[in-house]
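K.L.:
My structure is below; once you've seen it, I'll send some questions.
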Amino acid sequence: MIVCGPIVRHSNRTVLNLWLVLDQRPESIQLTTYLDDARASPVTRDYDAEFIAAGDNCYLCMLSTDLPLDNAEPYHQTNELFYEIVLDGEPFGDSQLLATLCPGTDKLPSVYLPREHRHFIQASCRRPHSPGQDKKPDQLARGARLLAENLRKESRPSQLFLTGDQIYADDVSPLLLDYLGKLQKHLGLADDLKNLPAGKDLHRLSKLDDRHWVTRSPYGFSSSAKSSHLLTRAEYLSMYLFAFSGAGHQFGLDFPGHDELKPRLAKQPANTRDGRNPPVQYVYTEGQHAEDHLNLSRFADLARSEVRQLLANTVTYMIFDDHEVTDDWNISKQNARQLSTTPIGRYVLTNALQAYFLCQHWGNQPSQVKPEVAKLKTLLEQGTPADHKDWDWLLERYWGYELEQTPPVAVLDTRTHREFSKRGKHSLGLMSDQQIRQLGQRLSGFHQCRTLIVVSPTPTYGFSHIEYLQLNFPMFKRTLDREPWSADTASLEALKASCCQLPGVEHVVVFSGDVHYAFARRRQTSLGPVLWQICSSACNNVPMGENIGLRAINRIGELLGKNQESYLLPEDSDFFLTSDRNIGTLMLDDQGCPVQAGLLCAGENGSYQKRYDLVNYRETN
């Protein structure tokens with residue numbers, strides 16, 4: 001049975017890669033590609049299958065097949081390819097799953113593989129129990145509608161970029177943590193909590209919402225919502241399977257009532273000063289449980305249907321931000337040291353990166369990480385504990401990568417190779433000078449192209465008033481993460497210079513997320529190319545204060561005399577920001593230049609779209 005996926009990962013006209021998770025290793029598995037969904041015209045039948053056993057009933061699998069679309073003349077005009085995975089003689093192992101994966105009236109899932117990419121989707125920040133999902137649902141599901149509306153058309157999105165916070169490891173509902181625990185038991189994932197280096201606080205792990213005693217600030221955990229923080233590899237893996245496909249319903253799992261959770265919930269201290277025994281009060285209240293139950297159920301329903309369909313039909317690339325590990329991961333030199341050197345911090349960091357490699361990074365460039373896959377597979381088979389030095393390579397590697405295509409893409413790792421206080425006491429370079437320089441060297445060897453797409457989880461140019469408050473008022477440190485690119489302007493200038501080393505580049509389009517609001521900006525670089533910052537955040541989360549809060553911060557910035565920089569105005573709107581849930585789109589013209597960006601949003605009054613004309617653009621001033 002396919003528990004999670006399939007998800008189309010790195011694919012083009014020469015190769016197709018599919019990532020999925022099975023509850024057992026099948027006796028037979030077959031991947032076939034076709035020109036049509038009637039299975040009348042097979043293209044490939046040969047394939048490679050790499051399995052990694054993460055648990056007794058949890059097998060991660062990468063299916064890969066070489067494609068002849070540019071080598072064999074009959075396929076030169078083929079851009080859309082259908083595929084079928086047969087498990088022990090059954091298509092996709094389940095006829096109901098097959099129906100879920102097929103968009104529109106198609107009878108098989110498909111993938112769009114043009115020579116030159118023109119239509120893209122980006123998304124970030126999916127918190128499963130985010131409030132208000134009955135009115136503002138997870139917008140990643142909106143991508144499935146966009147897919148269905150554009151089947152058999154050149155306007156079909158060919159690539160999806162998930163720009164960070166695909167899971168929230170620190171901000172977890174106790175209700176979901178209970179669900180994930182049951183899921184990991186069904187998958188035979190080893191429960192490693194007993195080996196957690198938590199000392200005298202180990203007993204607190206018997207509660208679902210008492211983990212803040214274990215994940216303390218001196219250990220590198222700065223989140224204000226960490227009472228149910230993920231800790232083990234099994235918990236991180238289970239979260240990915242839930243986020244990507246709503247896994248668990250296959251085993252009959254559901255979210256329990258508050259009464260069922262009570263034995264595993266922390267209690268409020270009792271007030272016995274009046275001599276009476278007050279009723280037991282729980283930290284996690286019935287009201288919070290009811291709200292979480294509603295939102296998690298809505299999230300799971302969409303993850304099992306529209307989201308799963310989108311990921312099964314669209315080439316998808318991923319990069320982490322902070323919540324894949326913990327909130328504000330590596331936000332300061334002290335935080336980076338605490339998380340990587342204290343026993344509990346290093347234990348959790350290693351588990352998080354193991355799960356990230358397996359569920360996200362492996363699919364970004366499968367052929368390039370084969371040696372690391374083999375190393376990871378061996379360590380898992382040997383049961384190597386998370387605190388062993390053999391895992392150190394996970395903490396040392398650079399996780400960014402490039403796609404040499406048309407247009408080329410540079411995906412940045414802005415978390416693991418930061419430089420602290422190099423150019424001033426409070427400066428923060430999101431990438432090291434060496435990594436930025438090497439990026440430029442690699443891009444200089446690419447083919448000439450007019451547009452470069454850069455994926456930077458943190459915007460290169462953000463909302464200037466918030467960045468002004470971040471950098472100049474320490475009292476906002478807890479509510480406004482102090483880590484914009486503008487915290488080290490030299491690094492930002494070096495990044496722009498590296499991007500401009502792509503031969504023939506005229507436009508640099510930056511996809512970003514992270515900040516829980518969406519906007520677009522245009523900057524003319526001193527080196528010639530135009531930089532377009534397209535920020536889409538969050539597809540399923542909300543900022544403090546939402547749209548009212550953003551307008552208030554904008555007003556505070558004006559009162560402080562901070563000059564407002566220019567932002568692109570969407571059509572039919574006089575405000576440049578939105579905190580409504582959203583995913584972003586980008587369209588290039590036949591010359592490969594950006595002509596339109598968009599935000600597919602969900603607000604109080606339902607779904608709507610913001611469009612940005614990138615040719616006849618409007619700006620705030």
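The values are calculated or read from the model by the stated rules, or taken from the named source; none is laboratory data. All figures in this text were calculated on a predicted structure; none of them were measured in a lab. All Cβ positions, glycine included, derive from the backbone under ideal geometry; neighbour counts span all protein chains shown. SASA here: full protein model, heavy atoms, side chains in, ligands and nucleic acids out. Shrake-Rupley method; radii C 1.70, N 1.55, O 1.52, S 1.80 Å.
K.L.:
Can you tell me which residue within the stretch 25-76, out of those that are in contact (Cβ under 8 Å) with a residue 24 or more places away in the chain and of a type in the set (Gly, Ala, Ser), is surrounded by the most Cβ atoms within 10 Å (Cβ to Cβ)?
P.N.:
54
K.L.:
For the stretch 392-428, enumerate the residues that are modelled with pLDDT under 95 and in a strand (DSSP E or B).
P.N.:
Once the filter is applied, which keeps residues that are modelled with pLDDT under 95 and in a strand (DSSP E or B), the stretch 392-428 yields 419, 420, 428.
K.L.:
If you don't mind, there's one more thing I want to ask. When both residues are 6+ apart or on different chains and their Cβ atoms are under 8 Å apart, which pairs have a first residue that lies in the stretch 376-398 and is over 17 Å from residue 348 (Cβ atoms), and a second that is open to solvent by less than 20 Å² (accessible area, probe 1.4 Å) and of a type in the set (Asp, Glu)?
P.N.:
Here the result reads 398/413, each pair linking the stretch 376-398 to a residue that is open to solvent by less than 20 Å² (accessible area, probe 1.4 Å) and of a type in the set (Asp, Glu).
K.L.:
Is at least one residue of the stretch 279-297 within 22 Å of residue 358 (Cβ to Cβ), modelled with pLDDT of 95 or more and surrounded by 13 or more Cβ atoms within 10 Å (Cβ to Cβ)?
P.N.:
no
K.L.:
Give the stretch 375-418 a look and list any residue that's charged (D, E, K, R), within 23 Å of residue 505 (Cα to Cα) and open to solvent by 40 Å² or more (accessible area, probe 1.4 Å), or say none.
P.N.:
404
K.L.:
Mind checking whether some residue in the stretch 441-450 is under 24 Å from residue 566 (Cβ atoms), of a type outside the set (Gly, Ala, Ser) and at pLDDT 95 or above?
P.N.:
Looking through the stretch 441-450, at least one residue is under 24 Å from residue 566 (Cβ atoms), of a type outside the set (Gly, Ala, Ser) and at pLDDT 95 or above.
K.L.:
On to the next question. Just to be sure, is residue 110 of a type in the set (Gly, Ala, Ser) and either farther than 23 Å from residue 246 by Cβ or out of contact with any helix residue (DSSP H, G or I) (no Cβ under 8 Å at 6 or more places or on another chain) (or both)?
P.N.:
Spelling it out, it is not the case that residue 110 is of a type in the set (Gly, Ala, Ser) and either farther than 23 Å from residue 246 by Cβ or out of contact with any helix residue (DSSP H, G or I) (no Cβ under 8 Å at 6 or more places or on another chain) (or both).
K.L.:
Turning to a different aspect of this structure: Take the residues in the stretch 564-621 that are β-branched (Val, Ile, Thr) and open to solvent by 10 Å² or more (accessible area, probe 1.4 Å); name whichever of them is nearest to residue 135 (Cα to Cα).
P.N.:
Among them, the one singled out is 585.
K.L.:
Now for a separate question. Among the numbered conditions (1) under 21 Å from residue 410 (Cα atoms); (2) touching a helix residue (DSSP H, G or I) at 6+ places or on another chain (Cβ under 6 Å); (3) surrounded by fewer than 17 Cβ atoms within 10 Å (Cβ to Cβ), tell me where residue 324 comes up short.
P.N.:
Looking at each condition in turn, residue 324 falls short on (3).
K.L.:
What about residue 181, is it part of a helix (DSSP H, G or I) and under 20 Å from residue 364 (Cβ atoms)?
P.N.:
no
K.L.:
When the stretch 582-619 is examined, which residues are found to be touching a strand residue (DSSP E or B) at 6+ places or on another chain (Cβ under 8 Å) and not in a strand (DSSP E or B)?
P.N.:
589, 592, 593, 614, 615, 617, 618, listed by residue number.
K.L.:
Can we say residue 13 is out of contact with any strand residue (DSSP E or B) (no Cβ under 7 Å at 6 or more places or on another chain), open to solvent by less than 60 Å² (accessible area, probe 1.4 Å) and charged (D, E, K, R)?
P.N.:
Answer is yes for this residue.
K.L.:
If I ask for residues that are open to solvent by 40 Å² or more (accessible area, probe 1.4 Å) and assigned to a loop (DSSP other than H, G, I, E, B), which ones from the stretch 186-226 would you list?
P.N.:
190, 191, 192, 197, 207, 216, 224
K.L.:
In the set 164, 143, which member is within 28 Å of residue 85 (Cα to Cα), of a type outside the set (Ser, Thr, Tyr) and open to solvent by less than 10 Å² (accessible area, probe 1.4 Å)?
P.N.:
143
K.L.:
Taking the stretch 161-183 as the region of interest, how many residues are among the aliphatic types (A, V, I, L, M) and in contact with a helix residue (DSSP H, G or I) (Cβ under 7 Å, 6 or more places away or on another chain)?
P.N.:
6
K.L.:
Among the listed residues 331, 344, identify the single one that is out of contact with any Gly (no Cβ under 8 Å at 6 or more places or on another chain), hydrophobic (A, V, I, L, M, F, W, C), touching a residue at least 24 places away in the same chain (Cβ under 8 Å) and in a loop (DSSP other than H, G, I, E, B).
P.N.:
331
K.L.:
Of these, 126, 156, 118, which one is open to solvent by 30 Å² or more (accessible area, probe 1.4 Å) and under 23 Å from residue 598 (Cβ atoms)?
P.N.:
Matching residue, one of 126, 156, 118: 118.
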